[in-house]
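Asks: Pasting a structure below so you can have a look.
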Amino acid sequence: MDEEPRQRAHEQLKARTIERALFASPASVTWLTGFTPPIQLGVSPFAGGPPLLWYASGEWTLVVLDSDAPAAAASGCTVVSYRGYTSSAPIMAAEQLATTLQRVTGGASAGQLGIEERALPVFLRAVLPDTNMVAIDGLLIPMRVRKTAEELVKLRENFALTDIGQATARLAVRPGQTELDVWAATHTAIQRAAGQRVPLGNDCTVGRRAHSGGWPLDVEIQPGDSFVVDLSTQLRGYWSDSCATYYADGPTRRQIAMHRTVTEALELAISLVKPGAISGEIDRQVREFMVTAGYPLYSHHTGHGVGVTGHEEPRIVPYNDMQLDEGMVIMLEPGIYFPGETAIRLEDAVLVTGSGAEILTRHDKSM
């Protein structure tokens, strides 16, 4: 287990004279422990609440549903579980979680108690020690932007999966197929490569409705269609992202010009990535390039960070004055959209290095 995130958090808590803390947001728990519950079908119906991580004077205790305890053991934390599903008594997972949390956090209170209050279910606050509570929501976000060596290994594994998915999608996009056909082929290829179930997200849609993105539908691919495939996998608690645009029977002259412009915009964005670069300035220059080329501005971000969530800092958006730093992993994704007609979006992941940007995604984004 990667010890560096917990060490960073310990130092920050100590600097703020917070002796105890309770982390409840899934991103915080995953970043600090490496543990994430299965999400393929959403939250377990037998869970009493989210996984919780209790910190006390440098020691870490992970509180999880009993069925998740084996996976949580790899976290390197003390693991305490509570009963979820049972056939021998009524299912009372929330009550079981509350009782377990009270036992873990009990004892004489001392100093400040930090809590991620926005993520902590209200009913659990009542069982916490009677002490001076302070909100620590967002405390870990600045620490998460620079990836550790172990995090980069996990991210590269996920990007390799989306590369496989994109290669499969390119072959599957053809007239007569549907968005669902492309999605099914893509998801199957990714899971076979991983050797396990892998949650898959984002967009898989014909370009005429890609301005709004969304899940694939039973929409048939027509000659002349562009097709936007934006994929995110989630493996070992970390997310990937990538996007390419394919053509049902070859691009039209208009689509060729659009594709060339988006390719150049993406190349520009990548060239601007370096330590000290300002997120909002990268966004401004890429948008200015698109306007100068004669295309409408896309309504979404130019890019975003990725890690234990699929969308995190640094956001490459107009308002953001965050400086890039070595070790950040950023998605960059300009696009052109003509609603009801056609659309093109291309996306790469880059690692900010001392000399610029290392491209982490390897999928073919050509026409």
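The values are calculated or read from the model by the stated rules, or taken from the named source; none is laboratory data. These numbers were taken from a predicted model, which means no experiment stands behind them. Here the Cβ is made from the backbone with ideal geometry for all residues, glycine too, and neighbour counts use every protein chain on show. When the accessible area is computed, the model is the full protein with side chains, heavy atoms only, and any ligands, DNA or RNA have been set aside. Shrake-Rupley method; radii C 1.70, N 1.55, O 1.52, S 1.80 Å.
Asks: Give me the Kirkwood hydrodynamic radius of the chain, using the inverse of the mean 1/r over all pairs of distinct Cα atoms, in Å to one decimal. Each step should come with its number before you reach the end.
Replies: On the way: mean 1/r = 0.0452 Å⁻¹.
About 22.1 Å for the chain.
Asks: Ignoring ligands, DNA and RNA, what percent of the 1.4 Å accessible area of the stretch 1-44 is carbon and sulfur?
Replies: Looking at the stretch 1-44 in its full context, I get 53 percent from C and S.
Asks: For the stretch 270-367, what does the accessible surface come to per residue with a 1.4 Å probe? Please give it in Å². Numbers along the way, then the final one.
Replies: Working: 3840 Å² over 98 residues.
That works out to 39 Å² per residue.
Asks: What does the net charge come to around Val104 if you take all other residues with beta carbon closer than 12 Å to its beta carbon, with K and R at +1 and D and E at -1?
Replies: Here the charged neighbours net out to +1.
Asks: Determine Rg/Rh for the stretch 157-269; Rg is computed over alpha-carbon atoms and Rh is the Kirkwood hydrodynamic estimate from the same atoms.
Replies: On the Cα set of the stretch 157-269, Rg over Rh gives 0.97.
Asks: Hey, what angle do you get for helix 149-172 against the long axis of the chain, alpha-carbon based, 0 to 90 degrees rounded to 10?
Replies: Computed tilt is about 40 degrees.
Asks: Given the peptides 51-57, 150-156, arrange them by the average over their residues of other C-beta atoms within 10 Å, most packed first. Before the final figure, lay out the partial values.
Replies: Working: 51-57: 20.9, 150-156: 18.0.
The peptides rank, most packed first, as 51-57, 150-156.
Asks: Just add up the charged neighbours of Val127: K/R +1, D/E -1, any other residue whose Cβ is under 15 Å from the Cβ of Val127.
Replies: 0
Asks: For Asp321 and Thr86 in one chain, what is 0.36 nm times their gap in residues minus the Cα-Cα distance, to one decimal in nm?
Replies: Taking 0.36 nm per residue and subtracting the Cα distance, the gain is 79.5 nm.
Asks: Please compute the per residue accessible area over the stretch 98-139 with all protein chains in place, 1.4 Å probe, rounded to a whole number of Å². Don't jump to the answer; show the numbers that get you there.
Replies: Numbers: 2100 Å² over 42 residues.
Accessible surface, normalised per residue, equals 50 Å².
Asks: While we're here: Need the full-extension length gain, Val134 to Arg287, defined as separation in residues times 0.36 nm minus the C-alpha distance. One decimal, nm.
Replies: That works out to 51.0 nm of additional length.
Asks: Rg and Dmax of the stretch 149-217, Cα atoms, in Å?
Replies: According to the Cα coordinates of the stretch 149-217, Rg and Dmax are 13.2, 45 Å.
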